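Read-outs throughout are calculated quantities, based only on the coordinates presented, and are distinct from any laboratory measurement. Just so it is clear, the model here is predicted, and its values are computed rather than measured. Cβ atoms come from the backbone with ideal geometry, glycine included; neighbour counts cover every protein chain shown.
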Amino acid sequence: MQATHPSSAPGGRPRLAATSRRLGERAIIGTLALAAGISVLVTVGIVIALLVPSIEFFAEISPAEFFGTATWAPLFEPPAFGVIPLIVGTLSTTLWACLICLPLGLGTAIYLSEYARPRVRQTVKPILEVLAGIPTVVLGYFALTVLTPTLRTLGWEVEIFNAFSAGVIIGVLLLPTVASLSEDAMTAVPRSLREGSFGLGANRFQVSTRVVVPAAISGIIASFVLAVSRAIGETTIVLLAAGQLARTSFWPGDSVMTMTAFIAGTGSGDVPTGSIEYKTIFAVGLTLFVITLILNIISIRLVRRFREVYE
Amino acid sequence: MDPTPSTAADSTAMESSRDRTPLGALGVAERTQADATPVEERDVVFDCQQVGVRYSGTRALRDVDLKIHSNAVTALIGPSGCGKSTFLRCLNRMNDLIPGAAVDGQIFYHGEELYQPQVDAIEVRKRIGMVFQKPNPFPKSIYDNIAFGPRVLGMKKDLDERIEQTLRRAALWDEVKDRLKEGALGLSGGQQQRLCIARALAVEPDVILMDEPCSALDPISTSAIEDLMLSLTNDYTVVIVTHNMQQAARVADMTAFFSVDQGETGTRCGVLIEVDRTERIFTNPAHERTEAYVTGRFG
Ligand SMILES: Nc1ncnc2c1ncn2[C@@H]1O[C@H](COP(=O)(O)OP(=O)(O)O)[C@@H](O)[C@H]1O
Ligand SMILES: [Mg+2]
């Protein structure tokens, strides 16, 4: 190290070498790098913890059976390890959740950012935040004890546990997330763009849909992706309201078992470490992880492709 | 429909007879002007009577009486904060978009009061276009920027042709004709501002309002836009806010000088001091405050 004399050299001219301020900056950069490093390490650790038992699983059960057959009965005799019913169950609840939370969330965001008066916005936003804060176990019981009986009263013969009720309530859970993140993205669109389009005789709907939403699209898609990932990963609500019956059915009134419901349901039971049942949990977990990862990669591509950068 | 906008070079065609549907109840007079008609004798496009604006109850502007004539450039000058932008935004009901802004007085646009209840602000803005201080192209392609207005107004016929003519009119065609599908934000500041002017022209307005359109630009771009403004008066009425007095002197037929009145309680409120032909405002103003401002003695 050099330059203990920060301000001037013998000649009286300022020196260009690093000063103590620069050293402080380095310490900060170091801390930040450490933080980033820890999160990378944790992620790598999780992946390894998933991978090792999964590899052992696939040594016993061929991937062809796992991904290619449609009977899921790992705890029965003889066991069957076809994961398709679980994937279908997950897709089914996720589909209903998305049909609720994506359009309603975006609609809410457009309303809040482009139409609502400040007073209305200040009332609606806290209510949404309360909705986001309801414990999922409460929502799960709500789906099971209120929504499903209501559907039956209305004359729709759904099963007691069904994909539809669980999915809808997951959608309700995620609606505030989509609304809030999309609204943030839309509020960040400069006022000048709105004025420019109003100045051309556009109406509010045209300004919202043709200028503001396109300019905010990367934030909106990010909120959608987060919602889809969380719908796929949601556990408590599906465990309580969608059931534990692994079958390949997209019919909304049917009971289904999702990947998460299997993991949570089996993991909380009496499964000996190292047994094939135990490894099954990790194999399903890895599948879930890969699906979410692919989804994220696709969406990052989408965002890059459609982004309208303002400034 | 409208005659096709003439190119900048072909500026002898003075008249432009427009067949416009009325905003609400009243019809809009047809415009036929001879080049020689003195500005004050041309049709009155805006007749403003006792116009004032309050923002959330605080008065920012009061008692503006001003006539704006057709096929001329009218400049609004005055110190910063005197309500020039505020006034300009009254003319196309842009202040409607600001929560808490309230306009009083009356503005007759071709004889029709702009703030009467049955007038639709969107209809107003179709006819009275606006160009802003900072260029604000949409984050879309050059083509889509110009096409935006025609598309939202349902003027979808011959869109390509309309876009070419508009860009030629704004003296931008040669610079962008090979990159119409590229992003508008890749243009220079001056090109962006001309694009914004072209965007406003694409919907065939009657009036163009410009709020300090050159304040963010270099002298060469400024000069290009000034030339453009002058050529626009063949077909349009132009109202421009500028803090640059040389610019007003160069482009404006009429100049309105605004200033700030200090109330006894320390409240500041914008007022119109006088409006006259530009050369009189700069050489022989009627009012002392104008003289002090244009000669640079403004305190
Ligand atoms: N959106 C607004 N809300 C509240 N006050 C405003 C708003 N816009 C302008 N004003 C006030 O109105 C006065 C005139 O502003 P402005 O019209 O922008 O002046 P100029 O364009 O002449 O510089 C200023 O005192 C300004 O603070
Ligand atoms: Mg201003």
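Once you average over the residues of A:186-197, how many Cβ atoms of partner chains fall within 10 Å of each Cβ? Don't skip to the end; give the middle numbers.
On the way: counts 0, 0, 0, 1, 3, 3, 6, 4, 2, 7, 13, 7.
Average per residue, whole number: 4.
Report the far tail of the P(r) of segment A:27-163, meaning the percent of Cα-Cα pairs longer than 25 Å. Present the calculation step by step, with values, prior to reporting the outcome.
Working: 5804 of 9316 pairs.
Result: 62 percent of Cα pairs exceed 25 Å.
Work through the residues other than B:Val131 whose Cβ is under 9 Å from its Cβ and net out their charges, Lys, Arg +1 and Asp, Glu -1. Mind dumping the intermediate values first?
On the way: positive: B:Arg199; negative: B:Asp211.
Surrounding charge for B:Val131 is 0.
Can you give me the orientation-averaged projected area of the convex hull built on the Cα atoms of chain B, in nm²?
On the way: hull surface 62.6 nm².
Mean shadow area of the hull around the Cα atoms is 15.7 nm².
Restricting things to alpha carbons, tell me how big chain A is in terms of Rg and Dmax, in Å.
For chain A, the Cα-based Rg and Dmax read 25.8, 94 Å.
Assuming a ≥ b ≥ c are the square roots of the Cα gyration tensor eigenvalues, decide whether segment A:161-311 counts as rounded (a/c under 1.5), prolate (otherwise, with a/b larger than b/c) or oblate.
Values: a/c = 3.71, a/b = 2.39, b/c = 1.56.
Prolate shape, in that a/c is at least 1.5 and a/b is the bigger ratio.
Just checking the output field for B:227-234: average partner chain Cβ neighbours within 10 Å of each residue's Cβ?
Values: counts 0, 0, 0, 0, 0, 0, 0, 0.
For peptide B:227-234, the averaged partner shielding equals 0.
What order, most packed first, do the peptides A:184-197, A:228-241 have when packing is the mean number of other Cβ atoms within 10 Å of each residue? Spell out each step's value before the answer.
Values: A:184-197: 18.5, A:228-241: 23.3.
Listed from highest to lowest mean packing, they are A:228-241, A:184-197.
Would you kindly compute the Cα radius of gyration of segment B:90-183 and its largest Cα-Cα separation (Dmax), both in Å?
Over segment B:90-183's Cα set, Rg and Dmax evaluate to 16.4, 48 Å.
Suppose we keep just the DSSP beta bridges with both residues in the protein assembly as shown; what percent of those would be antiparallel, to 5? Walk me through the numbers before you get to the answer.
Working: 31 of 49 bridges.
Around 65 percent of the beta bridges assigned by DSSP in the protein assembly as shown are antiparallel ones.
Sort A:143-152, A:57-66 for me by packing, meaning the mean count of neighbouring Cβ atoms within 10 Å per residue, highest on top.
Values: A:143-152: 17.0, A:57-66: 14.2.
So the order, starting with the most tightly packed, is A:143-152, A:57-66.
Any idea what diffusion coefficient the protein assembly as shown gets from Stokes-Einstein, in µm²/s, Kirkwood Rh on alpha carbon pairs, 25 °C, 0.890 mPa s?
Working: Rh = 29.4 Å.
D, rounded to a whole number, is 84 µm²/s.
Take the alpha-carbon centre of segment B:84-126, take the same for segment A:142-199, and report the distance between them in whole Å.
38
Give me the distance in nm between label points sitting 7 Å out from Cα along the Cα-to-Cβ direction at A:Asn296 and A:Arg204, one decimal.
The two pseudo-label positions are separated by 3.8 nm.
Net charge near B:Ser56: determine it from the other residues with C-beta under 14 Å of the C-beta of B:Ser56, scoring Lys and Arg +1 and Asp and Glu -1.
Neighbourhood net charge equals +4.
On a straight-distance basis, which aspartates and glutamates could pair with B:Lys126 in a cross-link, Cα separation under 12 angstrom, same-chain partners fewer than 8 positions away excluded?
Cross-link targets: B:Glu204, B:Asp206.
Roughly what % antiparallel, to the nearest 5, for the DSSP beta bridges in segment B:128-269? Let's see the in-between values first.
Numbers: 3 of 12 bridges.
Antiparallel bridges make up about 25 percent of those DSSP assigns within segment B:128-269.
Can you compute the helix-only [θ] at 222 nm over the protein assembly as shown? Use -39500 (n - 2.57) per DSSP H run of at least 4 residues, normalise by all residues, nearest 500 deg cm²/dmol. Write out the running numbers ahead of the final one.
Details: 23 runs with 291 residues, N = 610.
Helix-only estimate at 222 nm: -15000 deg cm²/dmol.
Give the relative contact order (percent, whole number) for segment B:165-299; include only Cα pairs under 8 Å separated by 6+ residues.
Details: 135 pairs, mean separation 21.4, N = 135.
Value for segment B:165-299: 16 percent.
Under a straight-distance cross-link criterion of Cα-Cα below 16 Å, which lysines are reachable from B:Lys134, leaving out those fewer than 8 residues away in the same chain?
Leaving aside lysines fewer than 8 places away in the same chain, those within reach of B:Lys134 are B:Lys84.
Just to check I understand the Karplus step: with θ = phi - 60° and J = 6.51 cos²θ - 1.76 cosθ + 1.60, what whole-Hz values come out for segment B:214-228, glycine and proline as x?
Listing the rounded values in order: 10, 5, 9, 10, 6, x, 5, 4, 4, 5, 4, 6, 4, 4, 4 Hz.
May I ask you to derive the FRET efficiency for A:Val146 and B:Asp43 from their Cβ-Cβ distance with R0 = 60 Å, giving the value to the nearest 0.05? Intermediate results must be reported in sequence, preceding the final value.
Working: r = 68 Å, r/R0 = 1.13.
The computed FRET efficiency comes out at 0.30.
When N counts the residues of segment B:152-282, how does its alpha-carbon radius of gyration compare numerically with 2.2 N^0.38 Å, as a ratio?
Working: Rg = 17.7 Å, N = 131, 2.2 N^0.38 = 14.0 Å.
Normalised Rg, Cα atoms only: 1.26.
If the convex hull of the alpha-carbon atoms of segment A:169-227 is projected onto planes in all directions, what is the mean projected area in square nanometres? Intermediate values should be presented prior to the final figure.
Details: hull surface 15.9 nm².
For segment A:169-227, the mean projected area of the Cα convex hull comes to 4.0 nm².
Among A:Ser268, A:Ile87, A:Gly243, pick out the residue whose Cα is farthest towards the positive end of the charge dipole of segment A:80-306, where Lys and Arg carry +1 and Asp and Glu carry -1 on C-beta, about the Cα centre.
A:Ile87
Return the long-range amide H neighbours of B:Ser141 (sequence gap of 5 or more, or a different chain), with a cut-off of under 5 Å between placed amide H atoms.
Close amide H contacts, sequence-distant or interchain: B:Ala184.
To the nearest whole number, what is the average tally of beta carbon atoms from other chains within 10 Å of the beta carbons of peptide B:117-127?
Numbers: counts 0, 0, 0, 2, 3, 7, 1, 1, 7, 4, 1.
Shielding by partners across B:117-127 averages 2.
So what J values fall out for segment B:130-143 if you push phi through Karplus, 6.51 cos²θ - 1.76 cosθ + 1.60 with θ = phi - 60°, rounded to Hz, Gly and Pro as x?
Going residue by residue, I get 9, 10, 9, 4, 9, x, 10, x, 6, x, 10, 6, 4, 4 Hz, with x marking Gly and Pro.
How do A:175-181, B:266-272 rank on mean C-beta neighbours within 10 Å, highest first? Walk me through the numbers on the way to the answer.
Values: A:175-181: 22.3, B:266-272: 16.4.
Ranked by mean Cβ neighbours within 10 Å, highest first: A:175-181, B:266-272.
Taking neighbour counts of Cβ atoms within 10 Å as a proxy for exposure, in what order, fewest first, do A:Glu277, B:Glu212 appear? Intermediate results must be reported in sequence, preceding the final value.
Details: A:Glu277 16, B:Glu212 21.
In increasing order of surrounding Cβ atoms, one gets A:Glu277, B:Glu212.
Which cross-chain or sequence-distant (5 or more) residues have an amide H under 5 Å from the amide H of B:Val241, H modelled 1.01 Å from N in plane?
The list, which skips near neighbours in sequence, is B:Leu76, B:Met210, B:Asp211, B:Glu212.
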